[in-house]
Amino acid sequence: MEIDMKEKFDVTGMSCSACSSHVEKSVSKLEGIKTVSVNLLTNSMQVEYDETKLDTGKIIEAVEHAGYGASVKEDGKAAVKAGETEDAVSIQQKNIKNMKTRLIISVIFLIPLMYVSMGHMIYNALGVPMPPLTMKFFHGSENAVIYAFTQFLLLLPILFVNQKYFRNGFTTLARRSPNMDSLIAMGATAATVYGIFAIYRIGWGFRIGDMELVHQYSHDLYFESAGTILTLITVGKYLETKSKGKTSEAITKLMNLAPKTVTVVRDGKEQVIDAADVVQGDIFVIKPGESVAVDGVILEGKSSFDESAITGESIPVIKQEGDKVISASINKAGLIRARATRVGKDTTIAQIISLVEEASSSKAPIARLADKIAGIFVPTVIGIAIVTFILWLASGADFEFAMSCGIAVLVISCPCALGLATPVAIMVGTGKGAENGILIKSGDALETAHQIDTVVLDKTGTITQGKPVVTDIICAAGKNADKTQLLQIAGSLEKGSEHPLAEAIVNYCVTNNISLEKVTDFNALFGKGIEGTMSGTHYYAGNEKMMEEKGISLSTEQKNQIQALAKQGRTPLLFADEKQFLGIVAVADVVKPTSKEAVQKFRDYGIHVIMLTGDNEVTAQAIKEQVGIDEVVA
């Protein structure tokens, strides 16, 4: 019986798409392999295989046999251990800094190298006389040795800082698995060696008094070509490294949503342990303001939880005994005790991290095609260069001319656009999406996005602001009543409340400089509202059910006002004292200013727009009317 297993590996030593293609081919040849996907930008490999025929050791062995290194990627449990995410970011930052240094040094020396080698052409093209100093030292056959040797000296620092291409390139060539680095190394080496040969020929020309030979070889220098190849490739590698850094940063931000430590109750005592060490069934404590480390079920306590990082629902959700808590959500108020139900790589946040990593490791169909081409591109170019050399030699050309033609083939074939363009485009696409809060599941999903005919949008935080604000203040005494007094009562009462909508009223009072008074005898009635005493008067704040229980009567007009507000998608909070109804403060999650335009753009593209919300039908219909959505599921 087959047992399918999916495993991730870290792969080292890859530098171009031909490398990833070679690793893929080596692993895919193993018996029991279902699928294998190697990602150059994240230096990772995802393998699905039959566990009865294969193990990770044989997979690693196949990668090593191909000339690269591999190790099993640590799982989600290990990934959340304190400090490891910081280390990953630190390494990525060092890589970016190193690539930037290499690029800066390369550019600093390439500019004068290009000026010395091609400056006279620029002056001629512009019709401008050459500066005397340049004319004196770098122009004319009599200055050929200075002209050539100066270029060689300017090239040396570029060769030194980019020596990695030569080490990787010739190593993979010796292993008979040439890659893009092999092409770069061969092209740059051939150009440099031929340039050194030209210097000797110039010297020989001076020795025998053959100025024609001197003139010929002073124009047959390829030092600037070698410098340009290495610098341009380094520009690409720098951009690629930055892309990797952004991906790592996005994953690290996700990892940091969950706390590194958690308070658990073991043997009747509270103790702080690593979040990775929590086991299923552990009782853990979530204090006010803390993030939830693992998924669980509440055993004791009531509180509101900010789940916006996971669900996008920015209004905190009130939870009590028996309700589930999600990892990476934040406890806003009360002390909670919960039992761990999903830990390590099974938690919600770990699975989201896994999804992002899997998306960056997956390949779009076009990327797989580019990899296949890149796998045969390098040896083909080398073959063409050899054939070019032989054909020119056979046609009667001298050795030097034939060699220069072969070198030209290597030099012009060096850029890695074919191997890098597609994966970089996918990585930039997924990276930009992540920056804007859009998680793209895979390369396939990104490539097929242009075929979309229906878009399903969440309401809270997507169409709406995601943050409730005060929209209406209605006093029971009429239009001429003092709204400030009603707001002062509302803000003072709500200041002690844990309810998600209370914050909106308090913030409104603070913004409008309304002073809040001290409240005594405060009491929260779960699911109904709150009550408290202020300046000797007892006040109530809540819903219609609470008003009925407290014997506060509402007129038909007031009830109609409450219903009208609800139909507009607003939440009416009712306020009263012991004797009479005082008024309504309505709070709502208002529509973003850009939402109507965004929905209209979707419709202009011929895309059907659906709003899917956990809110009630009345609120959903109100939002639908405001932004012009085609269909609502509430």
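The values are calculated or read from the model by the stated rules, or taken from the named source; none is laboratory data. Remember, predicted model here, so these are calculated numbers, not experimental data. Glycine gets a Cβ as well: all are built from the backbone with ideal geometry, and neighbour counts include every protein chain shown. Surface accessibility is based on the protein's heavy atoms, side chains included, excluding ligands, DNA and RNA. Shrake-Rupley method; radii C 1.70, N 1.55, O 1.52, S 1.80 Å.
With n ≥ 4 as the cut-off for DSSP H runs, can you work out [θ] at 222 nm for the chain, using -39500 (n - 2.57) per run divided by the number of residues, rounded to the nearest 500?
Values: 22 runs with 323 residues, N = 634.
Counting only the DSSP helices, I get -16500 deg cm²/dmol.
Which value in nm describes the separation of the simple spin-label points at N523 and L612, placed 7 Å from the Cα toward the beta carbon?
Taking the simple label geometry, N523 and L612 are separated by 4.4 nm.
With every protein chain left in place and a probe of 1.4 Å, what is the accessible surface of L446, to the nearest 10 Å²?
Approximately 60 Å² for this residue.
Using 0.36 nm per residue of separation minus the Cα-Cα distance, give me the extension gain between D577 and I146 in nm, one decimal. Present the calculation step by step, with values, prior to reporting the outcome.
Values: separation 431, 0.36 × 431 = 155.16 nm, distance 9.72 nm.
Computed gain between D577 and I146 is 145.4 nm.
At 1.4 Å probe radius, can you tell me the per residue accessible area of the chain in Å²? Could you put the intermediate results ahead of the total?
Values: 31940 Å² over 634 residues.
Accessible surface, normalised per residue, equals 50 Å².
With every protein chain present, what accessible area does D4 have (1.4 Å probe, heavy atoms only), rounded to the nearest 10 Å²?
Looks like 90 Å² after rounding.
Using r as the Cβ-Cβ distance of S535 and K287, and R0 as 35 Å, what FRET efficiency do you calculate, to the nearest 0.05? Before the final figure, lay out the partial values.
Numbers: r = 34 Å, r/R0 = 0.96.
So, using R0 = 35 Å, E works out to roughly 0.55.
Gain in length, V107 to Y605, computed as 0.36 nm per residue apart minus the alpha-carbon separation, to one decimal in nm? Intermediate results must be reported in sequence, preceding the final value.
Working: separation 498, 0.36 × 498 = 179.28 nm, distance 4.45 nm.
Gain in length upon complete extension: 174.8 nm.
Would you please give the FRET efficiency between V235 and N436, computed as 1/(1 + (r/R0)^6) with r the Cβ-Cβ distance and R0 = 25 Å, to the nearest 0.05?
Numbers: r = 26 Å, r/R0 = 1.05.
According to the calculation, E is roughly 0.45.
What FRET efficiency comes out for V128 versus H215 if R0 is 22 angstrom and r is the Cβ-Cβ distance? Round to the nearest 0.05. Show your work: numbers first, answer last.
Values: r = 23 Å, r/R0 = 1.06.
Efficiency, from the Cβ-Cβ distance: 0.40.
Using amide H atoms built in the peptide plane, which far-off residues or other-chain residues are under 5 Å from A333 H to H?
G289, S304
List the relative contact order of the chain as a percent without decimals, with contacts defined as Cα pairs under 8 Å and 6+ residues apart. Each step should come with its number before you reach the end.
Working: 1129 pairs, mean separation 71.4, N = 634.
Dividing the mean separation by the residue count of the chain yields 11 percent.
With labels modelled as points extended 7 Å from the Cα through the Cβ direction, what inter-label distance (nm, one decimal) is found for I208 paired with E61?
With each label point 7 Å from Cα toward Cβ, the separation is 6.0 nm.
Taking 0.36 nm per residue of sequence separation and subtracting the Cα-Cα distance, how much length would be gained by fully extending the chain between V387 and E625, in nm to one decimal?
Gain on stretching V387 to E625: 78.6 nm.
How many nm separate the modelled label positions at K559 and N513, each set 7 Å beyond the Cα in the direction of the Cβ?
4.2 nm
Only helices at least 18 Å long along their own axis, judged from Cα atoms, and with Kyte-Doolittle mean hydropathy of 0.0 or greater: name those in the chain from DSSP H. Write out the running numbers ahead of the final one.
Numbers: long enough: 84-126 (58 Å, 0.41); 144-161 (27 Å, 2.29); 180-208 (42 Å, 1.00); 223-255 (47 Å, 0.06); 348-361 (20 Å, 0.82); 365-394 (43 Å, 1.73); 399-412 (20 Å, 2.15); 417-435 (26 Å, 0.93).
Within the chain the helices that satisfy the rule are 84-126, 144-161, 180-208, 223-255, 348-361, 365-394, 399-412, 417-435.
Of the heavy-atom accessible surface of the chain (probe 1.4 angstrom), what whole percent is carbon and sulfur?
Numbers: 18010 of 31940 Å².
For the chain, the apolar C and S fraction of the accessible surface comes to 56 percent.
If you count only protein heavy atoms and use a 1.4 Å probe, how large is the accessible surface of F138, to the nearest 10 Å²?
Here the residue's solvent-accessible area equals roughly 60 Å².
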